[in-house]
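All remarks here apply to the structure that follows.
The values are calculated or read from the model by the stated rules, or taken from the named source; none is laboratory data. Just so we're clear, the structure is a prediction, and the values are computed from it rather than from any experiment. Glycine also receives a Cβ, built like all others from the backbone with ideal geometry; neighbour counts cover every protein chain displayed. Quick note on the areas: whole protein, heavy atoms, side chains included, nothing else; ligands and nucleic acids left out. Shrake-Rupley method; radii C 1.70, N 1.55, O 1.52, S 1.80 Å.
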Amino acid sequence: MPWLERKVQVLVLVLVLVLVLVLVLVLVLVLVLVLVGSYSRDINTEKEMEIEMEKDIENVESLVPVPLSATRRHLYAVRTPERLELTYLGSSSSSSSSAGPAAGPGSGFYAWLSMENDRPWRRRRSYTAAPGPGSTQQQVSALSTVYLQQRKSDSQLRLAAHCTLLHSDPCCAFPCQNRGVCTAMRAPTYECDCTRTGYYGQNCTEPEFFTWIKVTLKPSPNTVHYLLTHFKGFWNIVNTMSVLRDAIMRYVLTSRSHLIASPPTYNSDYLYKSWEAYSNLSYYTRTLPPVAKHCPTPMGVLGKKELPDVKVLAEKLLVRRQFLPDPQGSSLMFAFFAQHFTHQFFKSDMKMGPAFTEAKGHGVDLNHIYGDGLERQHKLRLFKDGKLKYQVIDGEVYPPTVASVGAEMHYPPHVPDEQRFAVGHKAFGLVPGLIMYATIWLREHNRVCDTLQEVHPDWDDERLFQTSRLILIGETIKIVIEDYVQHLSGYNFKLKFDPELLFKDRFQYQNRIASEFNTLYHWHPLMPEAFHIEEQVYSYKQFVFNTSVVTNHGISNLVDSFTKQVAGRVAGGRNVPGALLHVAIKSIENARKMRYQSLNAYRKRFSMKPYSSFEDLTGEKEMAALLEEMYGHVDAVELYPGLLVEKPRPNAIFGETMVEMGAPYSLKGLLGNPICSPEYWKPSTFGGSVGFDIVNSASLQRLVCNNVRGPCPLASFQVPDLKETGSVIINSSTSHARAGDVNPTVMLKDRSAEL
């Protein structure tokens, strides 16, 4: 009975509110106790730090990890209330420990060291370092950053020494924390701009009071993930309570989106804010500025002077030994959707370089369906009833041929003219999965045009086309949030696409695609060893540039087969198919050209704790040892290799970093779309209630069912029953996907490598 259901919902809501109130009171009590306890220990902890610093002064020579040949090393310590100053003098002629700084020109460097307590409310001291006058390149290059760590019962004390060249940029050490901005002054000094970071101090490490409360009470990302992926009964109740569900969804959207700088701040050619970085849409934006070319190492001051050979790195850590299926059960429908959807805004302009994009819309504009300019769009349009051009094969609609429309596509010479389909993206003829989705969306556009024409018989071709495009953009965003992201998250909480949730919040309806987002989205481990369609098995050589797979099997059978085949796990290392290893290598090379900062730098930027060791990163010993041999320091591990070898979350496709970086980029890009703004998000934008209903009722299953002939197959981003998919671990020695299996013509353009 409705009145009984309402009473039950009200009762559950009251119980939840009471529970939340009790939790808040408990947290406040704990906070008070922690404050009292921490400040009561301040004096003792301060004394412990002073004692520890004295010990390090006595053994300060350990701060020079690499002996300098043919020299005698002398170290001196001068301690003031503000800083500890260590002077190192290296000279083949000096033997007296009393030589001091006046021992002669040129043989020393000065290192200002810091000791800090990792607890956020403790005082932190941060200092820089530089060589003394006349120090030689050879002497200083033998030095590196050293971390001495000691565990205590309630804190971790850290002593750090940063040694850089006198003329070097002190910002190469990235001393400014918590999104503070470093500006190099006269060497070796620098300034950290902590404005609106919630922190203050020389290196933006001192939290303001409310920041400290927030940091203290905020659970870690892994804790949040655990809560959202467990307690299904609780979340089922929350999902039925619209007020509570909306509040949680609003928090998810705002907390994620606010991690993305808007307007954009950097690009790959500017290490600082500039009008060019803001106004030039030809660039991908950058979340973190590039590492300066003059820094001592490719990652700043840490790690080795040369990055590891990219081919050796890929062979040892990335290439697949055996197929590792995604424990979340992601299907090939998911893998091909990811590829099809993202390449409307991941379209690097390789003529200009990997830092540039051809997709100047920087978001969901469906240029992969309609073309990236008016000239291409007009070639694909029918100019009748708002529709796109098409052809009919065996009674079903497919994209037109290149010959019939004159739109450029990338096909190798051996592909027959009748199999050269023309779609919005020039490279989508690469694999049948992309042509499958291109065909589905072509049919959907024309179907929506028919629906609108029934309601608005007086509309001309142009208005039918433009309104249908807006409707398809809305459908896409809804499917991405409620089907695609929902599956990726693994959450029991049900995500919701409702732009009105943000109308009362500070939110900017604009977006700029970041090159880091492009790089992290290279999910080639998703690809299997072979493709199972109905009763046939296709190797990579048989699959690529073979659009006959689409017409021979039909869209319905492709959807059915791709839904039943499991994709590979992305994190955990060693799962890139041999046939696609060159693509992973190219991704690493492009990232190096753009001088990305390290994996740990991006973890800190997205509010994650940096990895403290290689084993902490990989969760095992073998790959950790290889990484240490290649990079030398965990803070020097590159972004993309780090994302692929990172330990996956339990029963998950990704590691922590991939999710915590990818989610903000994704949600900001989706909700920052103009159709989600108050000016656009109304029925009239979509041709009235009919078009608005199409958007609000969109789902992957509905999209497929509306556009296939005959019985509708199951369309899902998750394999319905992994045990029945035949998804076995395949040894790479018997794999179909060896590097030599792919015809060289596959890589017609560098843009195809991005796919």
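Rolling a 1.4 angstrom probe over the protein heavy atoms with all chains in place gives segment 547-620 an accessible area of 28 Å² per residue. Taking Cβ atoms as reference points and 12 Å as the exclusive limit, the residues near L366 contribute a net charge of -3, counting Lys and Arg as +1 and Asp and Glu as -1.
A quarter of the convex hull surface defined by the alpha-carbon atoms of segment 601-656 gives 3.7 nm² as the mean projection.
Only Cα pairs under 8 Å and 6+ residues apart enter the sum, and on that basis the relative contact order of segment 525-663 stands at 26 percent. In a DSSP loop and with at most 14 other Cβ atoms within 10 Å, the GluC sites (Glu not before Pro) in segment 376-485 are E408.
The relative contact order of segment 235-333 comes to 14 percent, based on Cα pairs under 8 Å that sit 6 or more residues apart.
How much net charge surrounds N707 when only the other residues with a Cβ under 10 Å from the Cβ of N707 are counted, with Lys and Arg +1 and Asp and Glu -1? Taking every other residue near N707 into account, the sum is +2. Over 25 Å apart at the Cα level, from the set K347/K593; K387/K541; K389/K426; K387/K426; K293/K586, are K387/K541. Label-to-label distance for Q466 and L15 is 5.3 nm, based on points extended 7 Å past Cα in the beta-carbon direction.
Lys and Arg at +1, Asp and Glu at -1: add these up for the other residues within a Cβ distance under 11 Å of Y596 and post the number. Kindly include the intermediate steps, with their values, before the conclusion.
Working: positive: R286, R592, K593, R595; negative: E516, E638.
Here the count lands on +2.
Taking 1 over the mean of 1/r across every pair of different Cα atoms in segment 377-428, what Kirkwood radius in Å do you get?
On the way: mean 1/r = 0.0868 Å⁻¹.
Kirkwood radius, segment 377-428: 11.5 Å.
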